[in-house]
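**Q** One structure coming up, written as structure tokens, with questions to follow.
The values are calculated or read from the model by the stated rules, or taken from the named source; none is laboratory data. All values derive from a computational prediction rather than experimental measurement. In this analysis, Cβ positions are derived from the backbone assuming ideal geometry, glycine residues included, and neighbour counts consider all displayed protein chains.
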Amino acid sequence: MKTSTKIILAALVAIGAAGGYYFYRSRVYAGNTLRVMDFINHPEKHPDWVIKAGTRCGDAPFQMPVDGFIGFLWDDSWKIGHHHQGIDIFSGTEPGVTNVYAASDGYLTRQADWKSTVIMRIPNDPVQPGRQIWVYYTHMAMPDGTSLIDAAFPAGTKEVFIKAGTLLGKMGNYSGTPGNPTGVHLHLSVVKDDGRGLYKNELDINNTYDPSPYFGFNLNRHNQNDAIPGCQK
Ligand SMILES: [Zn+2]
């Protein structure tokens, strides 16, 4: 083997190890971390864990936004005092490969400084008609912060109506901090309205709703046993 090839291989191994380390560190307290790690390392062994993009459970309001395994649920906790505000869907692919589609109709906004995130306003909550809700999609950027959001939605996009199934971008692993990747997944959360026409802070679980009734199956860690999340209908 040529020296240059050896150096490249060593660098790739180091990059892989660093990515794994960051992922492990941030998720170390999750009870189902091992299952997620197993899926990320060997997605080909678990095709039955994957739900296909565009599929819908019965007459549920939302459809699957990506091909993937729902590895972390709403109210999962991997750090004392932290409660996961949404669901994490893992593709088992590299960043920039797996398409992310809108789970529902809505009005899309991408703030001027958002590299990896879009939010969709749903004026009439299909689960509780009469109230407005928001659906937040994030991690759609490369580890260095290069955006993977579709060119149709440049930074600063405001209130563009799109239908369920519209391509939003590609799944990435950007955490918000360049060089600190999260493991390739889509984080989706259903966010409360602040009553004045804006969304509440998604980082606090109290500002979000349990996504289970939107997808038509259990996505709440409090209620879920060890079964792989999916439609039982
Ligand atoms: Zn998440």
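**Q** Filter region 33-91 for residues that are modelled with pLDDT of 95 or more, within 16 Å of the ligand (Cβ to nearest atom) and among the acidic types (D, E) and give the result.
**A** D88
**Q** Further question on the same structure: For region 162-190, give me each residue that is within 16 Å of the ligand (Cβ to nearest atom), part of a strand (DSSP E or B) and over 25 Å from R131 (Cα atoms).
**A** Correct list: H185, L186.
**Q** Return the residues of region 71-100 that are closer than 23 Å to H46 by Cα and surrounded by fewer than 22 Cβ atoms within 10 Å (Cβ to Cβ); say none if nothing qualifies.
**A** Listed by number, the residues that qualify are T93, E94, G96, V97, N99.
**Q** If a residue must be assigned to a strand (DSSP E or B) and more than 14 Å from F62 (Cβ to Cβ), how many such residues does region 115-161 contain?
**A** Selection size over region 115-161: 9.
**Q** If we keep just the residues of region 191-200 that are exposed (fewer than 15 other Cβ atoms within 10 Å of the Cβ) and at negative phi, which is farthest from the ligand (Cβ to nearest atom)?
**A** Filtering first and then ranking leaves R196.
**Q** Inside region 92-105, can you point out the residues that are within 16 Å of the ligand (Cβ to nearest atom) and of a type outside the set (V, I, T)?
**A** Of everything in region 92-105, those that are within 16 Å of the ligand (Cβ to nearest atom) and of a type outside the set (V, I, T) turn out to be P95, A103.
**Q** What's the number of the condition I40 fails, among (1) in a loop (DSSP other than H, G, I, E, B); (2) touching a Gly at 6+ places or on another chain (Cβ under 7 Å)?
**A** (1)
**Q** Checking T138 against (1) loosely packed, with under 15 Cβ neighbours inside 10 Å; (2) within 17 Å of Y101 (Cα to Cα); (3) in contact with a Ser or Thr (Cβ under 9 Å, 6 or more places away or on another chain); (4) of a type outside the set (A, V, I, L, M), only one condition comes out false. Which one?
**A** (1)
**Q** Give all pairs with beta carbons closer than 7 Å in which a residue from region 157-168 that is surrounded by 11 or more Cβ atoms within 10 Å (Cβ to Cβ) meets a residue that is part of a loop (DSSP other than H, G, I, E, B) and among the basic types (K, R); count only pairs at least 6 apart in sequence or on separate chains.
**A** Once the first residue is surrounded by 11 or more Cβ atoms within 10 Å (Cβ to Cβ) and sits in region 157-168, its partners that are part of a loop (DSSP other than H, G, I, E, B) and among the basic types (K, R) give T157/R110.
**Q** Continuing with the same structure: Which condition breaks for L203 when tested against (1) surrounded by fewer than 20 Cβ atoms within 10 Å (Cβ to Cβ); (2) more than 16 Å from the ligand (Cβ to nearest atom); (3) in contact (Cβ under 8 Å) with a residue 40 or more places away in the chain; (4) not β-branched (V, I, T)?
**A** For L203, the exception is condition (2).
**Q** So, in region 191-233, of the ones that are in contact with an Asp or Glu (Cβ under 8 Å, 6 or more places away or on another chain) and of a type in the set (A, V, I, L, M, F, W, C), which residue ends up farthest from R131 (Cα to Cα)?
**A** Among residues in region 191-233 that are in contact with an Asp or Glu (Cβ under 8 Å, 6 or more places away or on another chain) and of a type in the set (A, V, I, L, M, F, W, C), the one farthest from R131 (Cα to Cα) is I228.
**Q** Right, another one. Report, ordered by the first and then the second residue, all pairs with beta carbons closer than 7 Å, sequence separation of six or more or different chains, a first member in region 65-89 that is over 11 Å from N220 (Cα atoms), and a second member that is part of a loop (DSSP other than H, G, I, E, B) and near the ligand (Cβ under 9 Å from one of its atoms).
**A** Sorted first by the residue in region 65-89, then by its partner, the pairs are S77/H84.
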